[in-house]
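Enquirer: Below: one structure in structure tokens.
Only the coordinates and a few stated rules stand behind these numbers; no lab work does. Bear in mind that the values here come from a model prediction, so they are computed numbers and not experimental data. Counting neighbours? That spans all protein chains shown, and the Cβs are built from the backbone with ideal geometry, glycine included.
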Amino acid sequence: MERGGMILGVIADDFTGAGDVAGILAGAGMRTALLPTIEDVAACREDAGVVALKTRSVPVAEAVARSLAALEALRAAGARQILFKYCSTFDSTAQGNIGPVAEALALALGARGVVVCPAFPANGRTLYHGHLFVGDQLLSESGMRHHPLTPMTDSDIRRWLAAQSRGAIAHVALATVRQGADAVRRALDEVKGLVVVDAIDDMDLRSIGRAVRDAPLVTGGSAIAQGLPDNFREAGMIGAAVADDRIVSGPAILLAGSCSTATNAQVARYATDAPSHAIDVERLMAGEPVDQEARAFAVRHAAAAPLIYSTVAPAGLTRDESNAGIVAAMVERLIADLAADAVARGTRRLVVAGGETSGAVVERLAPGPLSVGRSIAPGVPLLYAGDLALALKSGNFGGEDFFKDALAVIEGRQ
């Protein structure tokens, strides 16, 4: 089969989310490129091009402008359908950015009845009666309620989205989804604007995927993408693709800038038998030489895959959102510099925890288009830039042994 040009264009609001959805698409047989910048889109010749933006917590107007710029580039590259990918815990504030970006994309594409579905059952994110669950907890009762930038204090996605959006928010209940793709399609055809659609397992997501076969725009967590490749395959647009599965050895460094409950547990587990160094945020803000200390630690333990982290137990997070943003930017900059220093010294295995942190690291490294490899954990694929292997994960993803597992997978030991 002769295959040429982009079919699906994906706009992701952070880098780990971009890697997450790229891994799902590649695993489903779509040739997929992860594009760290909008400028990389023009050279993409894959079935799917995933643009990694960093728009989750920037001002609304900036998020909308950058997303529309990505849309223009993807459409110019030939994309027939657009997926706007955001976090499966719907990370956002009352002002945005999910609602404003989704509405702007819908307006630009002339789309109506646009699916909103952050569900990711494999990672415990399910949507029922419009409420988002994390495992057996409502989102508003999970660790996400303490997030310093996007505290999720309401699990009703309809209500949360309505606060961010200009238009009315519709809902397609699970009972309709269970009737199949045709029922979902009819329900979407009857409404305008953004539509929260329930899903509690992968079969629900596949039904939704079939229902949006002809939709110009789909929005959701990365798991919504698993139902899209079948549509292109049935139309004869794609065949089979094999994910990159190379082995990379050599020095490694692990960097964590997420304060999620999952990352805190992962840091604690890895630190029990590996060199680890905590970034003292208060001293960093005071202008003390915290950066020099972290660099010295990284050099001293370079042969032992050291971990350098800045995490805060959920109960200790600040409620001052503006101050939290300043702190986060400082930590991201330091971790990005540490990553660049390590790569310059010959590090070839790089593991980073935290969506915003990963975005800062990739922005600093400027690796160009990334090849997608096999998954380390649900939502976390390996990525390759030449002889550099990267494992970039959202803060909430992965089991407690994620850091150890990531290093083993990269080396082909697992």
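Enquirer: Under a point spin-label approximation (7 Å from Cα along Cα-to-Cβ), what is the Ala173-Ala329 distance to one decimal in nm?
Expert: For the pair Ala173/Ala329, the computed spacing is 4.6 nm.
Enquirer: Compute the long axis of helix 202-211 from its Cα atoms, compare it with the longest principal axis of the Cα atoms of the chain, and write down the angle in degrees, 0 to 90, nearest 10.
Expert: With rounding to tens, the tilt is 50 degrees.
Enquirer: Take His147, His129, His301 and order them by how many other Cβ atoms sit within 10 Å, fewest up front.
Expert: On the way: His147 23, His129 11, His301 17.
Result, fewest neighbours first: His129, His301, His147.
Enquirer: Determine the dipole magnitude for segment 252-410: charges of +1 sit on the beta-carbon of Lys and Arg, -1 on that of Asp and Glu, nothing else is charged, the reference point is the Cα centre, and the result goes in debye to the nearest 20. It would help to have the intermediate numbers written out before the result.
Expert: Details: 13 positive and 17 negative charges, 97 e Å.
Dipole magnitude for segment 252-410 comes out near 460 debye.
Enquirer: On to the next question. Which ³J(HN,Hα) values, rounded to whole Hz and listed in residue order, are derived for segment 181-187 from phi using the Karplus coefficients 6.51, -1.76 and 1.60 in 6.51 cos²θ - 1.76 cosθ + 1.60 with θ = phi - 60°, glycine and proline given as x?
Expert: Ordered by residue, 3J(HN,Hα) equals 4, 5, 5, 5, 4, 5, 5 Hz.
Enquirer: Right, here's the next one. What's the local net charge at Ala28, with K and R +1, D and E -1, over the other residues with C-beta under 12 Å away? Provide the component values of the computation, followed by the final result.
Expert: Numbers: positive: Arg31, Arg206, Arg233; negative: Asp47, Asp202, Asp230.
Within the 12 Å Cβ shell, the charges total 0.
Enquirer: Still on this structure, please answer the following. Using R₀ = 56 Å, calculate the FRET efficiency as 1/(1 + (r/R₀)^6) where r is the Cβ-Cβ separation of Ala340 and Tyr128; round to 0.05. Don't skip to the answer; put the middle values down first.
Expert: Details: r = 43 Å, r/R0 = 0.77.
Approximately 0.80, to the nearest 0.05.
Enquirer: Can you give me the angle between helix 60-76 and the longest principal axis of the chain, using Cα atoms only, in degrees from 0 to 90, rounded to the nearest 10?
Expert: 70
Enquirer: Once the other residues with Cβ under 10 Å from the Cβ of Phe402 are scored (Lys, Arg +1; Asp, Glu -1), what is the net sum?
Expert: Details: positive: Arg269, Lys393, Lys404; negative: Glu400, Asp401, Asp405.
Here the charged neighbours net out to 0.
Enquirer: Follow-up question, since we're still on this one. Taking the Cα centre of the chain as origin, sum charge times position over the Cβ atoms of Lys and Arg (+1) and Asp and Glu (-1), and report the length of that vector in debye to the nearest 20.
Expert: Numbers: 38 positive and 46 negative charges, 124 e Å.
Approximately 600 debye in magnitude.
Enquirer: When the chain is treated as a GNM, springs tying every alpha-carbon pair under 10 Å, which of Val116, Val172, Val21 comes out with the largest mean-square fluctuation?
Expert: Comparing Val116, Val172, Val21 in the GNM, the peak value goes to Val172.
Enquirer: Over the residues of segment 141-222, compute the C-alpha Rg and express it relative to 2.2 N^0.38 Å. Before the final figure, lay out each step's value.
Expert: Numbers: Rg = 14.0 Å, N = 82, 2.2 N^0.38 = 11.7 Å.
Here the answer is 1.19, to two decimals.
Enquirer: Related question: Fewest first, what order do Thr93, Thr153 take by the number of other Cβ atoms within 10 Å? Show your work: numbers first, answer last.
Expert: On the way: Thr93 18, Thr153 13.
Going from sparsest to densest Cβ surroundings: Thr153, Thr93.
Enquirer: Same structure again: If I take the Cα coordinates of the chain and project them onto the principal axes, what are the three extents in Å, biggest first?
Expert: Projected onto its principal axes, the Cα set of the chain covers 62, 50, 35 Å.
Enquirer: For the peptides 345-353, 327-335, what is the packing order when you average, over each peptide's residues, the other Cβ atoms within 10 Å and list the highest mean first?
Expert: On the way: 345-353: 21.8, 327-335: 20.1.
With the highest mean Cβ count within 10 Å placed first, the list reads 345-353, 327-335.
Enquirer: Considering the dipole of the chain built from charges on the beta carbon (Lys and Arg +1, Asp and Glu -1) around the Cα centre, which of Ile38, Ser67, Ala181 is farthest to its positive end?
Expert: Ala181
Enquirer: Within straight cross-link reach of Lys404, meaning Cα distance under 24 Å, which lysines are found once same-chain residues fewer than 8 apart are removed?
Expert: Candidates past the 8-residue exclusion: Lys393.
Enquirer: For segment 252-410, what is the convex hull volume of the alpha-carbon atoms per residue, in Å³? Could you put the intermediate results ahead of the total?
Expert: Values: hull volume 17.0 nm³, N = 159.
Residue-normalised Cα hull volume stands at 107 Å³.
Enquirer: If you don't mind, there's one more thing I want to ask. Can you tell me how segment 8-234 classifies by the Cα gyration tensor, rounded, prolate or oblate, using a/c under 1.5 as the rounded cut?
Expert: Working: a/c = 1.40, a/b = 1.14, b/c = 1.22.
It is rounded, given that a/c, with a ≥ b ≥ c, falls under 1.5.
Enquirer: Add +1 for every Lys or Arg and -1 for every Asp or Glu among the other residues with Cβ under 10 Å from the Cβ of Arg56, and state the total. Kindly include the intermediate steps, with their values, before the conclusion.
Expert: Working: positive: Lys54; negative: Asp13, Asp14, Asp91, Glu356.
My count for the surroundings of Arg56 gives -3.
Enquirer: Between Arg246 and Asp401, what length in nm is gained on full extension when 0.36 nm per residue of separation is reduced by their alpha carbon distance? Before the final figure, lay out the partial values.
Expert: Values: separation 155, 0.36 × 155 = 55.80 nm, distance 2.19 nm.
Difference between extended and current length: 53.6 nm.
Enquirer: I've got another one for you. Kindly provide the helix-only [θ] at 222 nm of the chain, computed as the sum of -39,500 (n - 2.57) over DSSP H runs of four or more divided by all residues, to the nearest 500 deg cm²/dmol? Present the calculation step by step, with values, prior to reporting the outcome.
Expert: Values: 14 runs with 149 residues, N = 414.
For the chain, the value works out to -11000 deg cm²/dmol.
Enquirer: Select from segment 355-407 those trypsin sites (Lys or Arg not before Pro) which occupy a DSSP coil region and have at most 10 other Cβ atoms within 10 Å, ordered by residue number. Walk me through the numbers before you get to the answer.
Expert: On the way: sites: Arg364, Arg374, Lys393, Lys404; in loops: none.
Listed in order of number, the matching sites amount to none.
Enquirer: Compare the Cα positions of Ala170, Leu139, Ile157 along the charge dipole of segment 130-193 (+1 at Cβ of Lys, Arg; -1 at Cβ of Asp, Glu; about the Cα centre) and return the one farthest towards the positive end.
Expert: Ala170
Enquirer: How far, in degrees from 0 to 90, does helix 355-365 lean away from the longest principal axis of the Cα atoms of the chain, to the nearest 10?
Expert: 70
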